[in-house]
């Protein structure tokens, strides 16, 4: 997902790839923490199906998609005006734009996986956390690519016909949704702010129209949230158990079911 803008971007792409390899090596033990790879692989198609259902059926996701669709329809006529304003006055400083390109085009994904892997060591739900993060990123990337191929919208700069939706933006918002789910709202807000700036960068760099960015933001968010719901249910089901309890001469059992 690295976009090459200059020699510095090429070097950054290699560094991000190296970090991704490191993240996968660090995370590898988590895959065999609770169950074998074979048994986990058998349940993965169902995991993907459940995630797809939640992406579409969750009420909040439906509102996000609906609002994004209405916004794209209403603002489509202003794509050209926003581009003209960006080219004349700029939306963000060029150096910040370059850093955001590195983040949204490569660095965000291995950093997320490495962070989740390191923070999940020794946790019972470590494998589930990593599966959630990895799946959200992969599904977002594949979905973005499929829509790009189907829409074939030309970029503002005319470089190719892969403008809709913005991949940098969808990936960054998927990262934000995962961070929000796993680490709480404050870190989530920070990640969402970074993702929003990535979207502004894509307009500033003349790579995407405003409506491309809106679509990418909605796509990444609903995918991250959809698989977040599946992750939550998976972890909660694993926590259900029967605990023996003794009082005087009586032996009883308590069934523990977490309710959020």
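The values are calculated or read from the model by the stated rules, or taken from the named source; none is laboratory data. Note that the structure is predicted; figures quoted are calculated from it, not measured. Using ideal geometry, Cβ is built from the backbone for each residue, glycine included, and neighbour counts are taken over all protein chains shown.
All but one of (1) out of contact with any helix residue (DSSP H, G or I) (no Cβ under 6 Å at 6 or more places or on another chain); (2) at pLDDT below 95 hold for residue 26; which doesn't?
(1)
Here is a yes/no grid of residues against (1) modelled with pLDDT of 95 or more; (2) under 23 Å from residue 58 (Cα atoms); (3) under 16 Å from the mean Cα position of the chain (by Cα):
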residue	(1), (2), (3)
118	no, no, no
134	no, yes, yes
154	yes, no, no
173	yes, yes, yes
181	yes, yes, yes
201	yes, no, no
217	yes, yes, yes
220	yes, yes, yes
227	yes, yes, yes
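Could you please let me know if residue 69 is farther than 22 Å from residue 177 by Cβ and either loosely packed, with under 14 Cβ neighbours inside 10 Å or within 19 Å of the chain's Cα centre (by Cα) (or both)?
no
With over 19 Å from residue 202 (Cα atoms), out of contact with any strand residue (DSSP E or B) (no Cβ under 6 Å at 6 or more places or on another chain) and surrounded by 23 or more Cβ atoms within 10 Å (Cβ to Cβ) as the only criterion, which of 133, 128, 174, 150 stands out?
133
If I filter the range 231-250 for residues that are in a helix (DSSP H, G or I), under 25 Å from residue 77 (Cβ atoms) and either at pLDDT 95 or above or over 19 Å from the mean Cα position of the chain (by Cα) (or both), do I get at least one hit?
Scanning the range 231-250 turns up no residue that is in a helix (DSSP H, G or I), under 25 Å from residue 77 (Cβ atoms) and either at pLDDT 95 or above or over 19 Å from the mean Cα position of the chain (by Cα) (or both).
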